[in-house]
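Input: a single structure, listed below in structure tokens.
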Amino acid sequence: MDVPYTDTARPDTGLYNGKVGIWLFLASEVMLFGALFSAYILLRVGAMDGHWPTGLLDVGPGFINTLILILSSVTVVMAWASLKLNNFKNFKLFQGITVFCALLFVLIKSYEYNSKFTHHDVILTNGMRVDGHLVEETEEFIVLSHPVEYPAEKGIGYRPTAISEAEEHAHEAGDDHHHAEDRKISKEEIDKRTNWGPWANTFFAIYFTLTGLHAIHVVGGALVIAYFWGPGSKLWKTNPERFANRIEVTGLFWHFVDLVWIFLFPILYLL
């Protein structure tokens, strides 16, 4: 039995089945991400002054990933347009670039995640807190690179916006111990220790939830696009119009993934 309206428009909507289905699916996705964005905004607005960590994410990788996703949105459109122009060779080229961009995005995001899991937060027995990247650990001590030290009650990731006049003079004199190249800490000095994973604080819990869910969408969308780039492209020979419609539907999903990141980047990285 042949399902109707797979390559021709439905008379009731003016759309074919696939496009109706993807728009309904994307509506549910908007509600999902909308709820998470709303939760983040409410938590951030409700936080007491000075208690919400800022500047803990590296803007560089996030900005590069933004450019990568924007480029992939262009190539996915060009791939569909190539099919409409009956140019299958260009379709393969542009869709291959899309898959490569998705892979590059995931690799950069993995690098970001690794940098957070290797960034350790240590509470000392003297009431101070030190955080930095773990570079060495033995049974007697750990070594943190580029550590930042501040009172433990300030919370994980505290970054002072200004330093006192005395601290400024000490820094000019070369006696600033708050940003040393590395620091060796005896395990006898350590009261508690963790890393900047999703369990660290509310900000990182939200960061990993939102970006992790988005990364799952990127991987899922890339797998579908890769399938139609590879074995799924056989449909082009038997029913080119239906194949072009499938590429358009996957492209709509990919645009949604791109749009979500356009909101994620400034909210998490810049604000």
How many angstrom lie between the Cα centre of region 38-52 and the Cα centre of region 63-139?
27 Å
For a quick check: sort 44, 129 by the number of other beta carbons within 10 angstrom, fewest at the front.
44, 129
For a quick check, take a GNM of the chain with Cα springs below 10 Å and name the residue from 102, 79, 35 with the largest mean-square fluctuation.
35
Residue-averaged [θ]222 nm for the chain, counting only DSSP H segments that reach four residues, each worth -39500 (n - 2.57)
-19500 deg cm²/dmol
Answer with one residue from 126, 21, 96: the one whose Cα lies farthest towards the positive end of the charge dipole of the chain, charges on Cβ with Lys, Arg +1 and Asp, Glu -1.
21
I need to check one value: relative contact order of the chain, counting alpha carbon pairs closer than 8 Å and at least 6 residues apart, in percent.
24 percent
Within straight-line cross-link reach of residue 89, lysines at Cα separation under 18 Å, skipping those fewer than 8 residues along the same chain:
234, 237
Given DSSP loops and a limit of at most 12 other Cβ atoms within 10 Å, what is the longest stretch of the chain that contains no such GluC sites (Glu not before Pro)?
1-138
How would 76, 218, 224 line up from fewest to most surrounding beta-carbon atoms within 10 angstrom?
224, 218, 76
Hey, what D do you get for the chain in µm²/s if you plug the Kirkwood alpha-carbon radius into Stokes-Einstein at 10 °C and 1.306 mPa s?
73 µm²/s
Which length gain, in nm to one decimal place, applies between residue 262 and residue 7 when the Cα-Cα distance is subtracted from 0.36 nm times their residue separation?
88.6 nm
List the lysines whose Cα lies under 18 Å from the Cα of residue 19, skipping any in the same chain that are fewer than 8 positions away.
84
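Each value in this text was obtained by applying a stated rule to the coordinates, not by laboratory testing. What you see is a predicted model, and the numbers here were worked out from it, not measured in a lab. Every residue, glycine among them, receives a Cβ derived from its backbone with ideal geometry; neighbour counts consider all protein chains shown.
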